[in-house]
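Worksheet for the structure shown next.
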Amino acid sequence: MFRAIAVFLVVTSLGLAAGPAFAQDFSDSSEPDANAWWVQHATEESAEKKFHLLPDNSEMPRDWLGLARDTGFLFAYQVAVVGILSALPSSISNWNGHNKDISFEKWWDNVQHPHWDHDSWTINYIGHPYFGATYYIRARERGMDRIDSFLYAAFASALYEFGVEAFFEKPSYQDLIVTPIGGALLGGFVFEPLRSWVTNKPELKWYDHVILIGTDPIGALNYVTESLLGIKSNIRVGVPRRGGVFVELRMPLN
């Protein structure tokens, strides 16, 4: 189940959102399209650009409405994956009758009995920290501080474990612990510095866009979803005067 959702989020966001980046002419040294949806490079008047190990976006207001919309989309993706897998033949999905037995009684029994799972270490200690980091980064991009973002990663992990996944298996103690803690460490010490380094470049190449998408696949996929739903938005990645990285989402009221 986790593998299916992981593949869906990463492959779909990279496939749909990274297309314009890969379509660039690699020999073209001109500046990237200023209208590229996932990044419009900052044009701060200050020439001072600093690299921070843990960028601080304290200048951003907390975008609670945007984060709530992100969470709603994330839950919808999980439900969509379950629906697709349930509709596919067992020969393709590898789901047996037990997997497709979706009922409230089964969910209720599972949520009352969390357990220590026996998943492989790659899923528990690589996959879950990665997705924890994407939750953490999504909250940071919405202006949350590091504690808020850690708590959001814990909330998003619990939403998955006690939500959609609980229809199929019991919530995992490891996942509830490793996802937010590993996600905050990976997001704060790897993803944020990496994103800061990319956006501080004078011009971005196709692989820079892929890095930005790979470290925030939920944001990339959400933009595609909003576009398909006809929600007009403008996303700008900027570098504040104090350093750090922020994403600004502007939506018309009419």
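The values are calculated or read from the model by the stated rules, or taken from the named source; none is laboratory data. Note that the coordinates shown come from a computational prediction; the quantities given were computed from them, not determined experimentally. Virtual Cβ from ideal backbone geometry, glycine too; neighbours counted across all protein chains shown. SASA here: full protein model, heavy atoms, side chains in, ligands and nucleic acids out. Shrake-Rupley method; radii C 1.70, N 1.55, O 1.52, S 1.80 Å.
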Ranked order, 195, 69, 62 - accessible area, probe 1.4 Å, largest first: 62, 69, 195
In sequence order, calculated HN-Hα J values of segment 140-152 (Karplus, 6.51, -1.76, 1.60; Hz; x Gly/Pro): 5, 5, 8, x, 6, 7, 5, 5, 4, 5, 4, 5, 5
Contour excess over end-to-end distance, with Cα ends at residue 103 and residue 68 and 0.36 nm allotted per residue: 9.9 nm
Extension gain (nm, one decimal) between residue 158 and residue 207, 0.36 nm per residue minus Cα-Cα: 14.4 nm
Separation in nanometres of the label points that stand 7 Å from Cα toward Cβ, at residue 111 and residue 75: 1.1
